[in-house]
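Input: a single structure, listed below in C-alpha cells.
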Amino acid sequence: MRFAALLLVALALPAQESAQEKAKAFERAVVQELSDARVNPRAYARHLLELRNCFEGTLWKRPGRTPLRTEEGQDAYDEAIDFLEAARPVGPLRFNEGLARAARLHARDLGPRGALEHVGSDGSRLSDRLNRLGTWHGLIAENISTLEEDPRQVVIQLLVDDGVPSRGHRQTIFNPDLHQAGVGSAPHRDYQVVTVIDYADGFTLGH
C-alpha cells in the first residue's frame, strides 16, 4: 500500500509541475505582449485589426469563442486601433518576479469573493501589498482583466478598455515611467478567471 501511495504522489507531481509551468509561461507571455505593444504600437495594431470585423452591434463574435457582449461595440475597438497606429513607442517592460507574487496573491484574494477592486479583503492597497514583499520606488500601478485566458486577448481587452471612459488601463500600459511588471491569475467566481498585472518603476523582492 505504501508503494502504491508513493506511486500516486509521483504521478501527481508532474501534473502539478506542469500546471505551475503553464501558469508561469502565461504570466511572462502577458508581460511580453504588453512590452510588444509599448515598443511597437503600430505593429501591435495589426493584432486588433485581425478581429475588427467580428462585431455584430455590441456583440463581439471571435472565431471559436463564446460571443462577448461589450458596452461600446466596434467604436471602442476602432478607437484603440487608431490610438496604437498614432502612439509614440515607449520603453519595454521587464518581467519582475516580486511584482508577479503580489499580483498572484491579489488575484487569489479576488477570485473566490467575486471581487474586481484594487483593495484586498484585508483593506490593503497595492502599495501595502508591495511593502510586505519588498521595496519599490517611483510609480506603481495595477490593471485587472477578466474572462480572458489567452495572453494577447488579455492585453487587447485592456487596450480597448471598453466601458472605461478614461481609458485608464490603456494609459497605464503606455506610461513611460513604468518599467517592470508582474502578472498573476486565478479562477474567478463570476468571471471565470481574473488576471492582475502589477507595474512599478522598480521593485526589489525582500527586505
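The values are calculated or read from the model by the stated rules, or taken from the named source; none is laboratory data. Computed from a prediction, not measured in an experiment: that's the story for all the values here. Positions of Cβ are backbone-derived with ideal geometry, glycine not excepted, and every protein chain shown enters the neighbour counts. With ligands, DNA and RNA removed, areas are computed over all heavy atoms of the protein, side chains included. Shrake-Rupley method; radii C 1.70, N 1.55, O 1.52, S 1.80 Å.
Things to note:
- With respect to (1) at pLDDT below 95; (2) part of a helix (DSSP H, G or I); (3) surrounded by 10 or more Cβ atoms within 10 Å (Cβ to Cβ), the lone exception for Leu34 is condition (1).
- Ala87 meets all of the listed conditions (1) on the phi > 0 side of the Ramachandran plot; (2) modelled with pLDDT of 95 or more; (3) not polar (S, T, N, Q) but one, namely (1).
- Meets criteria (farther than 30 Å from Glu50 by Cβ, buried (at least 19 other Cβ atoms within 10 Å of the Cβ), within 17 Å of the chain's Cα centre (by Cα) and small (Gly, Ala, Ser)) for Gly182: no
- The set of residues in the range 58-88 that are within 18 Å of Gly168 (Cα to Cα) and open to solvent by 30 Å² or more (accessible area, probe 1.4 Å) comprises Glu71, Glu72, Asp75, Asp78, Glu79, Asp82, Phe83, Ala86, Arg88.
- Pro151 being out of contact with any Cys (no Cβ under 9 Å at 6 or more places or on another chain) and farther than 25 Å from Trp60 by Cα: no
- Phe55 being touching a Gly at 6+ places or on another chain (Cβ under 9 Å) and either without any contact (Cβ under 8 Å) to a residue 24 or more places away in the chain or exposed (fewer than 14 other Cβ atoms within 10 Å of the Cβ) (or both): yes
- Residues that are at pLDDT 95 or above, of a type outside the set (D, E, K, R) and out of contact with any strand residue (DSSP E or B) (no Cβ under 6 Å at 6 or more places or on another chain), drawn from the range 60-72: none
- Qualifying residues in the range 126-144 (those that are in contact with a Ser or Thr (Cβ under 7 Å, 6 or more places away or on another chain) and either touching a residue at least 60 places away in the same chain (Cβ under 8 Å) or farther than 20 Å from Glu27 by Cα (or both)) - the one least open to solvent (accessible area, probe 1.4 Å): Gly134
- Selection status of Gly168, in contact (Cβ under 8 Å) with a residue 40 or more places away in the chain and either of a type in the set (D, E, K, R) or under 30 Å from Glu79 (Cβ atoms) (or both): no
- Some residue of the range 110-119 being part of a helix (DSSP H, G or I), in contact with a Pro (Cβ under 7 Å, 6 or more places away or on another chain) and surrounded by 15 or more Cβ atoms within 10 Å (Cβ to Cβ): yes
- Hey, Glu79 at pLDDT 95 or above and not in a helix (DSSP H, G or I) or not: no
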